[in-house]
Amino acid sequence: MLGLTLGTGLLLISGPAAQAQTRREYLLTTDWRFSKGNQPDAANPKFNDARWQRVQVPHDWAIYGPFDGNNDLQTVQIEQNQEQQATQKSGRTGGLPFIGTGWYRRKLEVPGFGAGQRAVLVFDGAMSDAHVFINGKEVATWAYGYNSFSVDITEAIQPGKDNVLAVRLQNLPEQSRWYPGAGLYRNVHLIVTPEVHIPVWGTYLTTPEVTADYARVKLTTEVSVPAGRVIGREGAKISVRGSQDEHIGRGALQKALFLRLDTELLDASGRVVAHSSTPLQSGLPTCEQAFTIVQPQLWSPETPTLYTAVSRLYQQDAPADTTYRLVDEYKTPFGIRSFKFEAGKGFSLNGQPRKFKGVCNHHDLGPLGTAINVAALRRQITLLKDMGCDAIRTSHNMPAPELVQLCDEMGIMLMLESFDEWKTPKVKNGYNLLFDEWAEKDLVNLVRHYRNNPSVIMWSIGNEVPDQSVPGGGKLLKRLQDVVHREDPTRPVTMGMDRIDDALKNNFAAVLDIAGFNYKPHRYPEAQAKLPQGVLLGSETASTVSSRGVYKFPVEKAKQKKYPDNQSSSYDLEACVWSQTPDEEFVQQDDLPYVAGEFVWTGFDYLGEPTPYDEVWPSHSSYFGILDLAGLPKDRFYLYRAKWNPTAPTLHLLPHWTWPGREGQTTPVYAYTNYPSAELFVNGVSQGRQTKATSAQPQTRYRLMWNDVKYQPGSIKVVAYDAAGKAVAEEEVRTAGQPHHIRLVADRTALTADGQDLAYVTARVEDVQGNLCPDATNELQMEVKGAGRFRAVANGDATSLELFHQPHMHAFHGQLVATVQTTDKAGPLTLKVSGKGLKPATVQLQSAAVAAK
Ligand code: GAL
């Protein structure tokens, strides 16, 4: 995806060879200096930053810790959690030091920049309250840390000189309900174009008609021209902004620009499947093109086929010229798909009814913090897709562009969300401070940025905003929804509502294109009856809590249950007062056709919001994840996989079977499986056969449960039967002995030497026979040699205060995950993991040179 690194510390992402005279794009990754704290003179180009820390961007300044319960200690009453009084919440935002001011500086060389060119910076996201300075002059501000923004810096830079880019960021206490991260945590791009060019997010591509035989494609392209110039042809009628229509006559020729836009649509193999050559005549700075693609390959999560529109903008220097000069080239990746939300029927994609099997995710990447990394995102999506997940809600804010691109490529549908707050606060210094001034601008950037991406199916304008029940809330909703419709009439607007009584009564919910409800499966029929849309969505569901490898006895359904060790049980029966077990939502999803699907809270554990231990330090990361903070699947992963992934067999047993001291005690055994029935054996003795109930209480419908099993060391084995009653699969879990050795399992062994790529290596503490030691807490050391470096480690324990960037950590329930990063040198690299009293293990990885473009 990325190209070569230049000596200037710029990473070139579109090569100069093919487009020497057109645009050049650079990623500003290296040569940054960073300092925490206010530095009154840091914008000044003469400021000496030699003592500042050298960092690479993306960078999260707070992830290196240390953890401390006093970091952003919040005394709050969380209304949406039905709390009756304010309490002190120590790990709400992760216990990490993200508050305060931080500065980033670097030299900004713009190779070959000169007259007749423009330079633009694009920030994919900067946390938060960004102030951008070039040579001491403030050129841009953007308050909301999650949004992308661009700024034209042409007038501020001096060609051929050393220019200085400085960025000041500031985070406030109580600005968030989860870990927001800190710093230039997403990419910064420099784009250099000729004066006449297609601006940032300057194309809008839609597919107004999609059938199996053909698809119509419409492309609107904006063109920027120098001030005082108009686009047109001699004799053509033009309208110049702010003046009356006129015709380009001889006098106006000096000012007129003669342009043509040639667009080719390429299929996934690069073959041209349609093209159009369009002179720009209207005087307006846009160009409309229409195409037909025959027998289109439709985009879906299962077939994520992408096309690319390559638009070339040509300029003729005088009307009599016959030659046109190429001035810009712009690529718009797109997909062809149609979808519908239909009253009484729910959602369909390309004519096929389906339900969103979705998860909500916050933006952090566990031990990497919020610093964006493509390999980390790709791993997350790979794991989610294996579970059968086909949709992500970017809760509760704008995503990283790399996530959207990967969802296009790998096949995940997206609900892109914007806000967790409107005017009424949930946290004192949250978006409520920005709403009036910024809401429209923020929505415009979100929609323009992503309205060409086929993975994006819905826009969400908010999550559980208290304005649902505040007079005037409906007007705010209407205003925001109208902005989104104006920018993109092709996708519906939704949001996550929790105040269902108010939202139904005051018509708030009735105004939305799609009413999304959080944690209200039992009330879907009532909402359906009261609302005009005829279709609704589980915009946020379940919020079951569990800790990987932890099982509590007796096994019982519970709400808000706390234990002295600050963990939650993996029997998947514990939720919050407002939330449910997965199965309760499954019932409604399966039985109610008008429900368009669900988005489970959450796919992955995240930093912050350690409910039900919000007040109990050292808990500082969530328990909601289907996968833990290290990305290891909890048992719940298999409950969802059994339901969501019909193409892969799932047969998973829980709990582990190493319970010294529990001999003879009731120790229920569950199987999460997509087989309809199974028989359980304890040490070869049958415990009977269980079959999934068709309509009973939710758990018996989706789980096979043997509730009266008495623990005896040895093994539990389950034999699964298919619908015809044939034994087709089995799974066994054995009692583990003493920790003996470490086993390493790498998610990938072939890496790219781009300085960014990652391998995730799971270290398992096993007994001599290779059984996982399910309670092992050994401290493990990591050492990387060769063409890579140790990057981070996590064990999924929400109470662990060990630092992610130190190459040692205790195993949590026998496992942890080490992350190894490549350098820009190709070659072999090894990770060795050792621990006292354990036979160490080494894994060899290979890092290959970045393929030349
Ligand atoms: C919801 C909220 C999420 C998260 C979740 C935990 O109310 O939208 O952001 O707080 O609860 O269950």
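The values are calculated or read from the model by the stated rules, or taken from the named source; none is laboratory data. What you are looking at is a predicted structure, and each value in this text was computed from that prediction instead of being measured. Virtual Cβ from ideal backbone geometry, glycine too; neighbours counted across all protein chains shown. For the accessible areas, the whole protein counts, side chains as well, though only heavy atoms, and no ligand, DNA or RNA atoms are used. Shrake-Rupley method; radii C 1.70, N 1.55, O 1.52, S 1.80 Å.
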Exercise. In nm, to one decimal, how far is the modelled label at Thr220 from the one at Ser715, with both set 7 Å along Cα→Cβ?
Worked result: 6.5 nm
Exercise. Per-residue accessible area for Arg33 at 1.4 Å probe radius, Å² rounded to 10?
Worked result: 50 Å²
Exercise. Fully extended, how many nm does the chain gain between Val444 and Ala212 (0.36 nm per residue separation, minus their Cα-Cα distance)?
Worked result: 80.3 nm
Problem set entry | Using θ = phi - 60° and Karplus 6.51 cos²θ - 1.76 cosθ + 1.60, couplings along segment 203-220 (whole Hz; Gly, Pro as x) | 10, 9, 10, 10, 10, x, 9, 10, 10, 5, 7, 7, 9, 8, 10, 10, 10, 10
For this session: Mind checking which aspartates and glutamates have their Cα closer than 13 Å to the Cα of Lys836? Skip sequence neighbours fewer than 8 apart in that chain.
Result: Glu779
For this session: Between Gln687 and Arg260, with labels modelled 7 Å along Cα→Cβ, what's the label distance in nm to one decimal, could you check?
Result: 7.6 nm
Exercise. So for segment 325-391, Kirkwood radius off the Cα pairs, Stokes-Einstein at 20 °C and 1.002 mPa s: how many µm² s⁻¹?
Worked result: 138 µm²/s
Exercise. Glu730's amide H: which non-local residues (gap 5+, or another chain) put their own amide H closer than 5 Å, with H modeled 1.01 Å from N in plane and none for Pro or chain starts?
Worked result: Ala720
Problem set entry | Gain in span if fully extended, Lys107 to Gln88, counting 0.36 nm per residue against the direct Cα distance | 2.5 nm
Exercise. Applying 1/(1 + (r/R0)^6) with R0 = 30 Å to the Cβ-Cβ distance of His275 and Ser348, what FRET efficiency is obtained, to the nearest 0.05?
Worked result: 0.45
Exercise. Each residue of segment 106-118 in order: what ³J(HN,Hα) in whole Hz does its phi give by Karplus 6.51 cos²θ - 1.76 cosθ + 1.60, θ = phi - 60°, with x for Gly and Pro?
Worked result: 7, 6, 10, 8, 10, x, x, 6, x, 4, x, 10, 10
Problem set entry | Mean separation of Cα contacts under 8 Å (6+ apart) over length of the chain, as relative contact order % | 9 percent
Exercise. Which pairs, out of Lys428/Lys634; Lys107/Lys785; Lys692/Lys717; Lys552/Lys726; Lys520/Lys561, put more than 29 Å between their alpha-carbon atoms?
Worked result: Lys428/Lys634; Lys107/Lys785; Lys552/Lys726
Exercise. Among Val483, Leu446, Gly411, which residue has its Cα positioned farthest towards the positive end of the charge dipole of segment 405-537, with +1 placed on the Cβ of Lys and Arg, -1 on the Cβ of Asp and Glu, and the dipole taken about the Cα centre?
Worked result: Val483
Problem set entry | Gap separating the Cα centres of segment 587-659 and segment 753-796, nearest whole Å | 23 Å
Exercise. For the chain, what is the Kirkwood hydrodynamic radius in Å, using each pair of distinct C-alpha atoms?
Worked result: 28.7 Å
Seminar exercise, completed: Taking only the alpha-carbon positions of segment 603-736 as identical scatterers, the Debye log10 I(q)/I(0) at q = 0.15, 0.17, 0.18, 0.22 Å⁻¹ comes out as -0.82, -0.98, -1.05, -1.24
Exercise. Mind checking Rg over Rh on segment 30-70, alpha carbons, Kirkwood formula for Rh?
Worked result: 1.04
For this session: Starting from the Cα gyration tensor of segment 610-689, take the square roots of the eigenvalues, sort them a ≥ b ≥ c, and report rounded, prolate or oblate (rounded when a/c is under 1.5, otherwise prolate if a/b is larger than b/c, else oblate).
Result: oblate
Exercise. Rounded to the nearest 500, what is the chain's calculated 222 nm mean residue ellipticity when only DSSP H runs of at least 4 contribute -39500 (n - 2.57) each, over all residues?
Worked result: -3500 deg cm²/dmol
For this session: Rounded to the nearest 0.05, what FRET efficiency do Ala851 and Lys825 give with R0 = 22 Å and r taken as the Cβ-Cβ distance? Could you check?
Result: 0.90
Exercise. Of all the accessible heavy-atom surface of segment 295-427, with the other protein chains kept in place and a 1.4 Å probe, what percent is carbon and sulfur?
Worked result: 51 percent
Problem set entry | Amide proton proximity set for Ile153, modelled H, under 5 Å, gap of 5+ | Ala119, Val120, Leu121
Exercise. Any idea what the dipole of segment 344-483 comes to, in debye rounded to 20, about its Cα centre with Lys/Arg Cβ at +1 and Asp/Glu Cβ at -1?
Worked result: 400 debye
Seminar exercise, completed: Computed from the beta carbon distance with a Förster radius of 30 Å, FRET efficiency for Asn44 and Arg325 to the nearest 0.05 stands at 0.15
Problem set entry | Cα-centred dipole magnitude for the chain, charges only on beta-carbon of K, R (+1) and D, E (-1), debye, nearest 20 | 880 debye
For this session: Hey, for a label at Gln738 modelled as a point 7 Å past Cα toward Cβ, could you say which residues of segment 754-782 have their backbone N under 19 Å away?
Result: 765-780
Exercise. When the Cα atoms of segment 262-379 are enclosed in a convex hull and the volume is divided per residue, what value in Å³ results?
Worked result: 212 Å³
Exercise. If you wrap a convex hull around the Cα atoms of segment 512-665, how much volume per residue is inside, in Å³?
Worked result: 144 Å³
For this session: Multiply the residue separation of Lys785 and Lys428 by 0.36 nm, subtract the distance between their alpha-carbon atoms, and state the gained length in nm to one decimal.
Result: 123.8 nm
Exercise. Gap in Å between the Cα centre of segment 337-370 and the Cα centre of segment 488-530?
Worked result: 16 Å
For this session: Among DSSP beta bridges whose residues both lie in the chain, state the antiparallel percentage, nearest 5.
Result: 80 percent
Exercise. Looking at the square roots a ≥ b ≥ c of the eigenvalues of the Cα gyration tensor of segment 151-232, which shape do they give, rounded for a/c under 1.5, prolate if a/b is larger than b/c, or oblate?
Worked result: oblate
Exercise. Counting only residues 5 or more places away or on other chains, whose amide H sits under 5 Å from the amide H of Thr286 once H atoms are built in the peptide plane?
Worked result: Val223
Exercise. Going from most exposed to least, what order do Thr666, Thr799, Thr581 have by accessible area with a 1.4 Å probe?
Worked result: Thr666, Thr799, Thr581
Exercise. Residue by residue through segment 430-447, which ³J(HN,Hα) values in whole Hz follow from phi under the Karplus form 6.51 cos²θ - 1.76 cosθ + 1.60 (θ = phi - 60°), with glycine and proline marked x?
Worked result: x, 5, 3, 6, 9, 3, 4, 7, 10, 3, 5, 4, 5, 5, 4, 5, 4, 6
Seminar exercise, completed: Row for segment 30-182, column shape: gyration tensor on C-alpha, a ≥ b ≥ c, rounded if a/c < 1.5 i.e. under 1.5, prolate if a/b over b/c, else oblate; value prolate
For this session: From the P(r) of segment 414-463, can you give the percent of Cα pairs sitting at distances over 17 Å?
Result: 37 percent
